[in-house]
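Below you'll find the structure, written out as structure tokens, and then a few comments.
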Amino acid sequence: MALTPSRMRALGLEAPDFRLPDTNGRLVSLSDFKEAPALLVMFICNHCPYVKHVRDELARLGRDYQAKGVAVVAINANDAERYPDDSPARMREEVREVGYTFPYLYDETQEVAQAFGAACTPDFFLFDRNRRLVYRGQLDDSRPGNGKPVTGRDLRAALDAVLAGRPAPEDQKPSAGCNIKWKPGNEPAY
């Protein structure tokens, strides 16, 4: 397992626009969440061992914070031709198996992942009510094989701060996981 860190984009960036199909083919866009007090965008996939390690916590976190009004979406940008486990059909299975309650979107062109500056799976981007980036970092300190429990501590602290009208924690550690599986010629320059 090669470990790729997140890019740690500059805080304050505006959320990139997106319009992508979910696992049922329904188009979901940034504007669908304009009333939410916060927006969490997670770049994940089905086959990555780092995502598999935290997927139950991602489902719990989604349920917990959607109940508080947070808009939560996951995006899979992997090349499904070279990685068929990340195909939309397999994404539907993943939603059922894990119990994701948030939209799981497919970025076939990989343009949305590039706009966000996503680098790995999982990669997390939390935006405030004004859709400005306030957190980009890890879920928690757990990684496959390191023996630390999966708690979602870091991301949950950022979500709680935003919902309480406080700044997200300043100490933001990069997320890390498998690199996004770019289509040939789509590899970003970053």
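The values are calculated or read from the model by the stated rules, or taken from the named source; none is laboratory data. This one's a predicted model, so the numbers in the text were calculated from it and none came from an experiment. In this analysis, Cβ positions are derived from the backbone assuming ideal geometry, glycine residues included, and neighbour counts consider all displayed protein chains.
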Out of all the residues in the stretch 143-190, which are basic (Lys, Arg), touching a residue at least 24 places away in the same chain (Cβ under 8 Å) and under 22 Å from residue 59 (Cβ atoms)?
143, 156
Are any of the residues in the stretch 7-30 without any contact (Cβ under 8 Å) to a residue 60 or more places away in the chain, surrounded by 14 or more Cβ atoms within 10 Å (Cβ to Cβ) and either closer than 15 Å to residue 139 by Cα or not acidic (Asp, Glu) (or both)?
no
So which pairs qualify, if the first residue must be in the stretch 74-91 and in contact (Cβ under 8 Å) with a residue 12 or more places away in the chain and of a type in the set (Ser, Thr, Tyr), the second must be surrounded by fewer than 19 Cβ atoms within 10 Å (Cβ to Cβ) and in a strand (DSSP E or B), the Cβ gap must be under 7 Å, and the two must be at least 6 apart or on different chains?
none
Flagged in the stretch 60-102 as surrounded by 16 or more Cβ atoms within 10 Å (Cβ to Cβ), in contact with a Ser or Thr (Cβ under 7 Å, 6 or more places away or on another chain) and either modelled with pLDDT of 95 or more or part of a helix (DSSP H, G or I) (or both), in numbering order, are 62, 88, 91, 95
Subset of the stretch 1-47, residues farther than 18 Å from residue 125 by Cα, in a loop (DSSP other than H, G, I, E, B) and not charged (D, E, K, R), comes to 1, 2, 3, 23, 24, 25, 46, 47
Verdict on residue 37 being touching a residue at least 60 places away in the same chain (Cβ under 8 Å) and within 25 Å of residue 81 (Cβ to Cβ)
no
